[in-house]
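In what follows, a single structure is set out as structure tokens and then discussed.
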Amino acid sequence: MAGQGKAFFDRADQVAKNGNWDFAIEMYLEGIIREPENMDRGHRPLREVAMNRKMQGGKGPGLGETLKFRVAKDPIQSLRNAEYLLSKDPGSLAYMEQVLLASAKLDLFEVVKWIGEIILEAQRQAKKKDKRLLVLTTQAFAGAEDFKNAVAACRM
């Protein structure tokens with residue numbers, strides 16, 4: 001599968017430079033479908049574009065989008081849908097959880113570690129910790145054999 005998402009990632013990088021956030025998100029997602037394990041070309045730049053979009057007043061997903069992009073039977077499609085929703089609302093713990101669960105189901109351990117660390121940081125800053133989410137995150141880290149973060153999540 002390596003290299004199949006390159007054209008999409010390249011196009012996403014190109015349109016992101018012009019501030020066309022929504023089209024860049026679509027291109028990154030197409031690349032992620034083809035190379036779900038590609039952190040440096042897919043997941044990380046998608047998150048950066050999502051944050052830039054949000055800072056410039058980008059709206060979160062509406063009810064229609066939330067229903068359209070829910071968990072699917074196909075695990076890759078579930079990951080794509082979760083990343084889409086998270087890219088529209090990068091601060092949403094619910095969408096972070098969906099990405100975590102979808103990537104764990106696909107054994108994408110680097111993605112699990114990446115989104116798990118984002119969840120941990122969000123929980124560190126939260127006034128009230130989400131115990132259920134922290135337990136899920138602990139289990140996901142343990143499954144990815146990232147015991148240091150598993151313990152950190154568990155302690156939180």
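The values are calculated or read from the model by the stated rules, or taken from the named source; none is laboratory data. Owing to the predicted nature of the structure, the values given are computational and were not obtained by experimental measurement. Don't worry about glycine lacking a Cβ; one is built from the backbone with ideal geometry, like all the others, and counts go over all protein chains shown. Ligands, DNA and RNA are excluded from the accessible area calculation, which covers all protein heavy atoms including side chains. Shrake-Rupley method; radii C 1.70, N 1.55, O 1.52, S 1.80 Å.
Structural remarks
- Criterion (open to solvent by 70 Å² or more (accessible area, probe 1.4 Å), at pLDDT 95 or above and over 22 Å from Q125 (Cβ atoms)) met by exactly one of E110, E37: E110
- The number of residues in the stretch 71-84 being touching a Phe, Trp or Tyr at 6+ places or on another chain (Cβ under 7 Å) and over 19 Å from L120 (Cα atoms) comes to 2.
- Scanning the stretch 40-63 for residues that are crowded, with 18+ Cβ neighbours inside 10 Å and not in a helix (DSSP H, G or I) yields G58, P61.
Matching residues to (1) more than 20 Å from E26 (Cα to Cα); (2) over 9 Å from the mean Cα position of the chain (by Cα):
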site: D74; (1), (2): no, yes
site: E83; (1), (2): no, no
site: S87; (1), (2): no, no
site: M96; (1), (2): no, no
site: A104; (1), (2): yes, yes
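- Top-ranked residue of the stretch 64-99 - restricted to ones that are outside any helix (DSSP H, G or I) and open to solvent by less than 50 Å² (accessible area, probe 1.4 Å), ranked as farthest from H43 (Cα to Cα): A72
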